[in-house]
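To keep things clear, I will list the structure first and then write my remarks on it.
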Amino acid sequence: MRISVQEAPFDFAAEMAGFGQGRADVGAIVSFTGIVRDDSGQMTALELEHYPAMTERAIAKIVDEAVTRWSLGDCLVIHRIGKIAVGAPIMMVATAARHRVAAFEAAEFLMDYLKSRAPFWKKEHSASGETAWVAAKDADEDALRRW
Amino acid sequence: MVDIVYFAWVRERIGLARETLQTDAATVADLVAELCARDPRYAAAFADTSALRVALNQELSDFDAPLAGVREVAFFPPMTGG
């Protein structure tokens, strides 16, 4: 299990190279990568603020729950902070499980919880120099109920 | 003594990232009332606490929670990770 909160970009291929492999109890690996998207056509970057004293602990709690619930063989969460350009990766999760359904479900669970239970806040930067905090969506909170 | 930390627009609205306060507030809600009485910037930031979240000693909590034994209180908007 590995959790990393970092400013630097991550190398997806290098992260996945040995993940969950070389063991007899893993039959499925799923990964998700989040990319900074621009819906307005005006955005240049997304800035991620976080609560350093709390972030890793909050993520560890979410990871522990996923590992227990889906009996994961391995689990990886990387979340970037600071200013990230449109089109660049912002975060990734990977899960390794005995079966495909567990690996997919655990990855979705991680994403749903990272969205609204890990202390990150997004601020959009636009080409004109304006900034705006991204508001949490009711749908994000609703997504937690299915678990 | 309790450390209070603010994040995102709460930090911007109050104009502070961190402060230390000597308080007799029994609950988070009491602390919020005490802060709001100090300066209009706090009243603006805490105008609608349903739009805010609170963490006590880095664990999510709520506004009715007691402050006994709490070293750090954090106020922030709903989180937007992922």
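Couple of notes before you dig in:
- Segment B:64-82: number of residues that are within 18 Å of A:SER116 (Cβ to Cβ) and not in a strand (DSSP E or B): 6
- Among the residues of segment A:113-124, just one is more than 8 Å from chain B (Cβ to nearest Cβ) and either closer than 17 Å to A:SER71 by Cα or part of a helix (DSSP H, G or I) (or both), namely A:TYR113.
- Members of segment B:23-63 that are in a loop (DSSP other than H, G, I, E, B), more than 14 Å from every other protein chain (Cβ to nearest Cβ) and of a type in the set (S, T, N, Q): B:THR23
- Single condition A:ALA132 does not satisfy, out of (1) more than 8 Å from chain B (Cβ to nearest Cβ); (2) surrounded by 18 or more Cβ atoms within 10 Å (Cβ to Cβ); (3) not in a helix (DSSP H, G or I): (2)
- Close contacts from segment B:1-12, counting a first residue that is at pLDDT 95 or above and a second that is among the basic types (Lys, Arg) and buried (at least 21 other Cβ atoms within 10 Å of the Cβ), with Cβ to Cβ under 9 Å and a gap of 6+ residues or different chains, come to B:ALA8/A:LYS122.
- Some residue of segment A:72-82 being in a helix (DSSP H, G or I) and either over 30 Å from B:GLN58 (Cα atoms) or touching a strand residue (DSSP E or B) at 6+ places or on another chain (Cβ under 7 Å) (or both): no
- Test result for A:ALA88, under 22 Å from A:SER126 (Cβ atoms), modelled with pLDDT of 95 or more and more than 14 Å from chain B (Cβ to nearest Cβ): yes
The values are calculated or read from the model by the stated rules, or taken from the named source; none is laboratory data. Please read all numbers here as calculations on a predicted model, not as lab measurements. Neighbour counts are summed over all protein chains in view; Cβ atoms, including those assigned to glycine, are modelled from backbone coordinates with ideal geometry.
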